[in-house]
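Remarks on the structure that follows.
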Amino acid sequence: MSTSPKVIPFESSVPKPGTPRDFIADHVHAIPRSGIRDFFEIVQSMGDVISLGIGEPDFVTPWRIREAAIYSLERGKTGYTSNLGLLKLRKEIASYVKRHYHVEYDGPTEVMVTIGVSEAIDLALRAILNPGDEVIYHEPCYVSYSPSIALAHGKAVPVATRAEDGFRLLARDIAAKITPRTKALLLNFPCNPTGAAMSRADLEPIAALCREHDLLVLTDEIYSELTYDQRPHTSIASLPGMRERTIFFHGFSKAFAMTGFRIGYACAPVALTEAMMKIHQYGILCAPITSQEAALEALRHGHDDMVSMRDQYCARRNFLVAGLNAAGLPCRTPEGAFYLFPDITGTGLTAHEFAVRLLQEEKVAVVPGTAFGESGTGHVRCSYATALDQIEIASERIGNFVRRLKKG
Amino acid sequence: MHALLKLLEADPRATPASLAKQLNRPEEEVSSLLKELEEKRVILGYAVIVDNDKADRETVQAAIEVKITPERDGGFDRIANRIARYPEVTSCYLMSGGYDLLVIIHGKTMKEVAMFVSEKLATVGGVLSTATHFMLKPYKERGVLLVNEGTQERLSITP
């Protein structure tokens, strides 16, 4: 099976006489089918699989947060909120971002509550891109970045990150891709799928490059609380001269195990927030009030719950890193998120072959690295957002599988 | 040490090999630390939490508020230890507020517990009074809910 994304062939939208009209827009046709979706269907067709392929916490949302949502319903809070979101939530977000990321935003005018970070990134791209504007992003990366750029009529320009650099993004690789059309740089650290994080020293030359070339930075810091070993997280927005050229994205899904609440936010200078608001107010109106009330509780009182989940992720990360390395799959210890991205080239299989055979022969699901971009070749993504006993069994099975492959 | 204790509290059955991997430390180091914690009685024991109803076991639990006279040498400790040594007593705490000791008692029947309180506990020298509260139904035992939390239905692969 091919590891490259399949582009569905399309014809010009002018129909030939007698043929049914193609109603789909060209730029939508051009979006390749998600590699994850293909793989999902294979996994779905099998029973009894241990999945290390899940990109969401296995924890149920902490009770205090669920209870706050229930309580808000009991009090009849079921209406629209301000387009930007509840003012008390925006103020709380501004104070949380100041406390943890050392960037000051004005809650009433510079914070917008969205349907997860996904909506926020889509809004930002649509708000800033003229057709043909280029956005540089790093690969392997979360699956939506390139399609979202394309859907906003921009040109997605990937920069590969490499295992030997710990999957950190290097300024010189970005510099090589900058053209007069480059408008923005999209970052996601800690990174899905590599787990890599960027220190202040790693970010400084990139910030300098953005200032020099007058680029906007879109920074998706959804995994920032899940940074391990007491490592401090640095936001590029906090570096000198960056606040005015950065849109900071964050949400509640990962740190507070609130994926189903679909709640996130964007912080940006007024003009950018206003531009995103224009799209948000017509497309979405506002994020659901129940989720906003739950998010408020998460920020006010969810810290200890978050720390307890983070400690468990950290223990699982250590366990699985040891397991994969012992199995003969070289795997670095990533700094954050909840993914490992081991090198599987020693098995002689492609990432896709490895994932399919591991699934068929050992009933363990991992995601081929190529689902996250071409530079994910030779790797698979293993999520450790799964109970330790499952990880233990999975790691044993992966060991058996790799030993069999290496024997011949 | 604290990281190790946290892992054990979450899963007392975790083997030293698994704990070592989770902590990213050598197994020998974890084994010897465990041994030390047990010897110093930092780790007092490893417990099983049972739903007695489901196990079809006849048990009765009661919380007894006990007032005692503190002694000149040792305050409450001597009497408290004396009470705590009975096997019927599963927990015993010195309390602030309107009484001195909170004693949790396990028995097979209400009568058995009542007899223990009147014949043993109340007659220990220095005990002034007891008030017995029978527990009717447990909802949470040592951090574990009796009702199943339900499991998060997750898609098998997500980005």
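All of the numbers you see were taken from the coordinates with simple rules; none came from a lab. Nothing here was measured: the structure is a model prediction, and the numbers come from that model. Backbone-built Cβ (ideal geometry, glycine too); neighbour counts: all protein chains shown.
7 Å from Cα along Cα→Cβ at both residue A:83 and residue B:111: what's the point-to-point distance in nm?
Taking the two extended label points, one gets 7.7 nm.
Tell me the GluC sites (Glu not before Pro) within the stretch B:51-133 that lie in a loop according to DSSP and have at most 13 other beta-carbon atoms within 10 Å.
Within the stretch B:51-133, the qualifying GluC sites (Glu not before Pro) (loop, at most 13 other Cβ atoms within 10 Å) are B:58.
Write down the percent of antiparallel bridges among all DSSP beta bridges whose residues are both part of the protein assembly as shown, to the nearest 5.
Of all bridge pairs located within the protein assembly as shown, approximately 65 percent are antiparallel.
Within the stretch B:100-126, list the residues whose amide N lies under 12 Å from a label point set 7 Å along Cα→Cβ of residue B:57.
B:106-108
Using Cα positions and a limit of under 16 Å, work out the aspartates and glutamates in reach of residue B:120, with same-chain residues fewer than 8 apart set aside.
Straight-distance partners of residue B:120: B:65, B:88, B:112.
Once the dipole of the stretch A:65-302 is set up with Lys and Arg at +1 and Asp and Glu at -1 on Cβ about the Cα centre, which of A:76, A:276, A:169 lies farthest towards its positive end?
The listed residue farthest towards the positive side: A:76.
So how compact is the protein assembly as shown: Cα radius of gyration and Dmax in angstrom?
Expressed in Å, the Cα Rg and Dmax of the protein assembly as shown come to 28.7, 107.
In whole Hz, with x marking every Gly and Pro, tabulate ³J(HN,Hα) for the stretch A:46-51 from phi via Karplus 6.51 cos²θ - 1.76 cosθ + 1.60, θ = phi - 60°.
10, x, 6, 9, 8, 9
For labels at residue A:300 and residue B:67 in the simple 7 Å Cα→Cβ model, what's the distance in nm?
If labels sit at residue A:300 and residue B:67, their model points lie 4.1 nm apart.
Provide, as a two-decimal number, the C-alpha radius of gyration of the stretch A:148-238 over 2.2 N^0.38 Å, N being how many residues it has.
Compared with the compact-globule rule of thumb, the stretch A:148-238 sits at 1.08.
Please report, in Å, the Rg and the Dmax of the stretch B:60-137, where both are computed over Cα atoms only.
Reported Rg and Dmax, both Å: 11.8, 40.
If you take the square roots of the eigenvalues of the alpha-carbon gyration tensor of chain B and sort them as a ≥ b ≥ c, do you get rounded (a/c under 1.5), prolate (a/b over b/c) or oblate? List each step's numbers first, then the result.
Values: a/c = 2.80, a/b = 1.55, b/c = 1.80.
Oblate.
Using unit Cβ charges (K, R positive; D, E negative) and no other charged atoms, how large, in debye to the nearest 20, is the dipole of chain B about its Cα centre?
Here the size comes out at about 160 debye.
Looking at the stretch A:13-72, which trypsin sites (Lys or Arg not before Pro) are DSSP coil and have at most 13 other C-beta atoms within 10 Å of their C-beta?
A:21, A:33
Long-range amide H contacts for residue A:187: which residues qualify at under 5 Å (H placed 1.01 Å from N, peptide plane, sequence gap of 5 or more or a different chain)?
So residue A:187 has HN proximity to A:218, A:219, A:220.
Karplus couplings for the stretch B:19-30 from phi (6.51 cos²θ - 1.76 cosθ + 1.60, θ = phi - 60°), rounded to Hz, Gly and Pro as x?
Along the stretch B:19-30, the couplings run 4, 4, 5, 5, 8, 6, 10, x, 4, 4, 5, 5 Hz.
Do the alpha carbons of any pairs in A:91/A:254; B:67/B:111; A:177/A:363; A:77/B:54 sit beyond 31 Å of each other, and which pairs?
From A:91/A:254; B:67/B:111; A:177/A:363; A:77/B:54, over 31 Å: A:177/A:363; A:77/B:54.
Please list the non-local residues whose amide H lies under 5 Å from the amide H of residue A:142, H modeled 1.01 Å from N, same-chain partners needing a gap of 5 or more.
A:192
Expressed as a whole percent, how much of the Cα-Cα distance distribution for the stretch A:188-295 exceeds 23 Å?
36 percent
To the nearest 0.05, how large is the calculated FRET efficiency for residue A:404 and residue B:128 if R₀ is 45 Å and r is the Cβ-Cβ distance? Walk me through the numbers on the way to the answer.
Values: r = 73 Å, r/R0 = 1.61.
After rounding to 0.05, the efficiency reads 0.05.
Which trypsin sites (Lys or Arg not before Pro) in the stretch B:24-61 sit in a loop by DSSP (not H, G, I, E or B) and have at most 16 other Cβ atoms within 10 Å of their own Cβ?
On the way: sites: B:35, B:40, B:41, B:54, B:57; in loops: B:40, B:41, B:54, B:57.
For trypsin sites (Lys or Arg not before Pro) across the stretch B:24-61 that sit outside H, G, I, E and B with at most 16 neighbouring Cβ atoms in 10 Å, the list reads B:40, B:41, B:54, B:57.
With r as the distance between the Cβ atoms of residue A:98 and residue B:77 and R0 = 56 Å, compute the FRET efficiency 1/(1 + (r/R0)^6) and round to 0.05. Before the final figure, lay out each step's value.
On the way: r = 50 Å, r/R0 = 0.89.
The formula returns an efficiency of 0.70 here.
Enumerate the calculated ³J(HN,Hα) couplings along the stretch A:69-75 in order (Karplus 6.51 cos²θ - 1.76 cosθ + 1.60, θ = phi - 60°), each rounded to whole Hz, writing x wherever the residue is Gly or Pro.
5, 4, 4, 5, 5, 4, 7
Give me the dipole magnitude in Debye, nearest 20, for the protein assembly as shown about the Cα centre, with unit charges on the beta carbon: positive for Lys and Arg, negative for Asp and Glu.
Dipole of the protein assembly as shown, to the nearest 20 debye: 200 debye.
Which FRET efficiency, nearest 0.05, do residue A:214 and residue B:31 yield, Cβ-Cβ r, R0 45 Å?
Result of the calculation: an efficiency of 0.15.
Grab the Cα-Cα distance for residue B:10 and residue B:139, subtract it from 0.36 nm times how many residues apart they are, and report the gain in nm with one decimal.
Here the answer is 44.5 nm.
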